[in-house]
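Have a look at the structure below before the remarks.
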Amino acid sequence: MYEVLSQDYDRFVNWKNRLAFEIPFLEKQIAALEGSKTQPLDILDAACGTGMHAIALAQRGHRVSGADLYDEMVQVSRRNAENADVNVRFSTAAFGELASVFGENAFDMVFCLGNSLPHLLSAEALTAALRDFAACLRHGGMVLIQNRNFDAVMQQRDRWMEPQVHREGSEEWIFQRFYDFLPEGLIHFNIVTLKNNGAGGWVSSVVSTSLRPQLQAELVAELLHAGFERIRNYGSMNGEEFSPDNSGNLILTGLKKKP
């Protein structure tokens, strides 16, 4: 999916609105952790996509690196950083490889945003990823995960998400996302792209990938098992309390245990 989607991803996401909503929450977490540190924080955006969160934080003076599994996304991230005139190190690295690429104990915070973790299709892969996050972090460092609220998704079986629309001159894109619920418990995640080139005709394409829905109880247990403590749950980046029935997202934070 993401090799194909990389060139349209910044059309698919309304970054102006998303960053305006999410960056204040991220900076609040940064400020809370900075109070316990004597040096500026080092931050890693794991599964950074096209790098827009990392770039926005760098523009605010934070020291940020980014990693993504897909080299196509990393190349777009580097172009975005160059266009924004900020210095962010972007590297191609999968979950489970971050500590080997960036070094152990290299960061004070690891972000994993945009419903990235559910792309791991087994409990073993999730365990390895969270241990990798812990290995990247210094003692007392924070992990912050943003997933969809799969407690509600799996209970309600709601297949459809809001369409996204983007325009550039006479061209228009419409992105429609929906789920197929598979018998073995996985989800097939589909994105239909409709593009009008301005000449009166629409062209369609579909890309798909698999997700493993991670429920709140599993994620909390796995974070504890990976060496995190003081786990907190939020329902969105507004900071409200998580509701398994009603929240749109599950935001989890935890601190790496000190020896």
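Looking at Q176, is it assigned to a loop (DSSP other than H, G, I, E, B), open to solvent by less than 70 Å² (accessible area, probe 1.4 Å), at pLDDT 95 or above and of a type outside the set (D, E, K, R)? Spelling it out, it is not the case that Q176 is assigned to a loop (DSSP other than H, G, I, E, B), open to solvent by less than 70 Å² (accessible area, probe 1.4 Å), at pLDDT 95 or above and of a type outside the set (D, E, K, R). For region 102-109, the count of residues that are open to solvent by less than 60 Å² (accessible area, probe 1.4 Å), touching a helix residue (DSSP H, G or I) at 6+ places or on another chain (Cβ under 9 Å), among the acidic types (D, E) and not in a helix (DSSP H, G or I) is at least one.
Is there a residue being over 23 Å from L126 (Cβ atoms) and either outside any strand (DSSP E or B) or open to solvent by 50 Å² or more (accessible area, probe 1.4 Å) (or both) anywhere in region 213-220? Explain how you work it out, then say what you get.
Taking region 213-220 first, the residues over 23 Å from L126 (Cβ atoms) are none.
No, that holds for no residue.
Of all the residues in region 196-212, those that are open to solvent by 40 Å² or more (accessible area, probe 1.4 Å) and not in a loop (DSSP other than H, G, I, E, B) number 6. For the criterion of being modelled with pLDDT under 95, more than 21 Å from A135 (Cβ to Cβ), assigned to a helix (DSSP H, G or I) and among the charged types (D, E, K, R), E27 fails.
Taken over region 239-259, the criterion of being over 26 Å from H139 (Cβ atoms) and either of a type in the set (G, A, S) or at pLDDT below 95 (or both) is satisfied by S243, S247, G248. Comparison of A84, A123, A99 shows that the only residue that is crowded, with 18+ Cβ neighbours inside 10 Å, of a type outside the set (D, E) and over 17 Å from the mean Cα position of the chain (by Cα) is A99.
Close contacts from region 228-240, counting a first residue that is farther than 22 Å from A129 by Cα and free of Cβ contacts under 8 Å to residues at least 60 places away in the same chain and a second that is assigned to a strand (DSSP E or B) and open to solvent by 80 Å² or more (accessible area, probe 1.4 Å), with Cβ to Cβ under 9 Å and a gap of 6+ residues or different chains, come to none at all.
The values are calculated or read from the model by the stated rules, or taken from the named source; none is laboratory data. In this text, all values refer to a predicted model and were calculated from it rather than measured experimentally. Glycine gets a Cβ as well: all are built from the backbone with ideal geometry, and neighbour counts include every protein chain shown. All accessible areas refer to the heavy atoms of the entire protein, side chains included, with ligands and DNA or RNA removed. Shrake-Rupley method; radii C 1.70, N 1.55, O 1.52, S 1.80 Å.
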